[in-house]
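Colleague: Okay, handing you the structure first.
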Amino acid sequence: MKRGIALLPLAIFALNCTDPVAPRTPAVASSANVGPLANLVRTPAGLYDKSCVHEIPNGARVDRHRAVHLPDGTSYQLPPCTHPSIAAQGTFRSLGRSLPSALAANSPISNGWLEWAQSDLTSSVFRNLSSSWTVPTAPLGYTGTQVYYTFPGLLNPTYILQPVLQYGYNGSYGGTHWTIVSWHCDTGSSCTHSSPITVSDGASIIGTVSASSCAAGTCTWTVTTKNQGTGQQTVLTIQDDDDYSSAVGGAVETYGLGCGNLPNPGMTFGGLSFYDQTGTQVTPTWSKYYQSSPPDCNGNIAASATSVTLYHPTLYIGGATTNINSPGTYTYTAVYNDGTTATYQWYIYWLVTGVQQTLGTGQSQAVTVTSSDDDFQISVTVTSGTGSRSTFKNICVFGCG
């Protein structure tokens, strides 16, 4: 009879973090009146009551008085928001995991902004942002309360404008598929967003934020998120202040997720360009931020003037089968990338003899199995610029189902 595989304990080491944590946090309303999770939308700017989140049709425009002007010339008024929000940027860990309890109970990692690259202007403001990215392979294991966001954007102390890629259901729309949406949110009154468009793995997306008709401290802002392959785009047009002095080259925001639920190894925003109020192109100086220290999920950020990559990789062993039914040589490969140089150390634990052996130091490891061998466990420790982590795979040898 085949015996069960004894699990070999593996040490997991803490990550090193040299970048700052959570630079500044928007105003956070008291969570006492936020209400149950069923009434909340997990937006890319925090938790908002459903009555405070509004979809704006393509072609419409929202003015400073929250009137929505439709293409046919009619208009309607957005109602005032009477519920507090919980802003997302670096707040949930400090608030604790008790509110809202239904979300906190399912959150192995931080809720809210997980990691982001930000550039701040001191004597001018941003008027234009452009970026492109590729939709990653869909992550696994999502339920009705989990959502992953990633985006570039422009911020001021109260508002954010963002072309957004989303996976999961946020309490208003979405599901186990990718969507693109253009958003405008503030820390107190409400969020507005464009109509969602479903996109597929591998789709090429471009996101832009642009200001026009700027006068007396107010601009008309247009946020566009476009699938370049199909030509479909979702557009939000809204009047707002002309004081967006911060840019986000890329951010990852999560709700109710574990590390294994995140796209592996992460997300890259390329083709980044920014312009100020004089029409001059701005070269950003990025500061890298993480909500927790050390960063959740092996977090790391690589940034240049035109590109930001947000890493949150999960180490796994790929390659050869886990069910071996004939003698031979089988090769296993450590799959891991956090943007830094990595070294590898492999081990094998043979069940029949109880012997552990130290193997090679390459990214891949070959194991020769003879007819007298039994089940084994192959494991690898990967050490990189962000620390060390280990994983293993159980291998059934002969007599497998």
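Colleague: Can you give me the P(r) profile for the range 316-397? Cα pairs, bins 5 angstrom wide beginning at 0, each as a whole percent.
Modeller: All Cα pairs considered, the percentages come to 3, 15, 28, 24, 15, 8, 5, 2, 0.
Colleague: Then there is this: If you wrap a convex hull around the Cα atoms of the range 240-279, how much volume per residue is inside, in Å³?
Modeller: Values: hull volume 4.1 nm³, N = 40.
Each residue corresponds to 104 Å³ of Cα convex hull volume.
Colleague: May I ask you to evaluate 6.51 cos²θ - 1.76 cosθ + 1.60, the Karplus curve with θ = phi - 60°, for each residue of the range 237-243 and list the ³J(HN,Hα) values in order in whole Hz, giving x for glycine and proline?
Modeller: 10, 8, 7, 7, 5, 9, 9
Colleague: Evaluate the Kirkwood expression for the hydrodynamic radius of the range 294-358, namely the inverse of the mean inverse distance over all pairs of different C-alpha atoms, and round to one decimal in Å. Kindly include the intermediate steps, with their values, before the conclusion.
Modeller: Numbers: mean 1/r = 0.0660 Å⁻¹.
One decimal place: 15.2 Å for the Kirkwood radius.
Colleague: Have a look at the DSSP beta bridges in the range 280-401 and tell me what percent are antiparallel, nearest 5.
Modeller: That works out to approximately 95 percent antiparallel.
Colleague: Can I ask one more? Quick check on the exposure proxy: order Cys259, Cys400 from fewest to most C-beta atoms within 10 angstrom.
Modeller: Details: Cys259 17, Cys400 13.
Ordered by Cβ neighbours within 10 Å, fewest first: Cys400, Cys259.
Colleague: I'd like the per residue volume of the convex hull spanned by the Cα atoms of the range 182-324, given in cubic angstrom. Numbers along the way, then the final one.
Modeller: Working: hull volume 25.2 nm³, N = 143.
Roughly 176 Å³ of hull volume per residue.
Colleague: Right, another one. Give, as ranges by residue number, the residues of the range 365-385 whose backbone N falls under 13 Å from the point 7 Å along Cα→Cβ of Val355.
Modeller: Counting backbone N atoms under 13 Å from the label point, the list is 370, 372-374.
Colleague: Cα centroids of the range 237-258 and the range 286-350: how far apart, whole angstrom?
Modeller: Value for the Cα centre distance between the two parts: 28 Å.
Colleague: Also, I was wondering about something else. Dividing the convex hull volume of the Cα atoms of the range 31-311 by its residue count, what figure in Å³ per residue is obtained? Numbers along the way, then the final one.
Modeller: Values: hull volume 34.3 nm³, N = 281.
Convex hull volume per residue, Cα atoms: 122 Å³.
Colleague: Under 5 Å between amide H atoms, partner at least 5 residues away or on a different chain: which partners does Gly46 have, H built in plane at 1.01 Å?
Modeller: Ala88
Colleague: Follow-up question, since we're still on this one. What Rg and what Dmax come out for the range 204-286 when only alpha-carbon atoms are used, in angstroms?
Modeller: Expressed in Å, the Cα Rg and Dmax of the range 204-286 come to 15.7, 48.
Colleague: Turning to a different aspect of this structure: Return the sequence-ordered ³J(HN,Hα) values of the range 150-157 in whole Hz as given by the Karplus equation 6.51 cos²θ - 1.76 cosθ + 1.60 applied to θ = phi - 60°, using x for Gly and Pro.
Modeller: Karplus-based 3J(HN,Hα) across the range 150-157 equals 8, 5, x, x, 10, 10, 10, x Hz.
Each reported figure results from applying straightforward, stated rules to the coordinates on display, with no laboratory input. Keep in mind the model is a prediction, meaning the values are calculated, not measured. Every residue, glycine among them, receives a Cβ derived from its backbone with ideal geometry; neighbour counts consider all protein chains shown.
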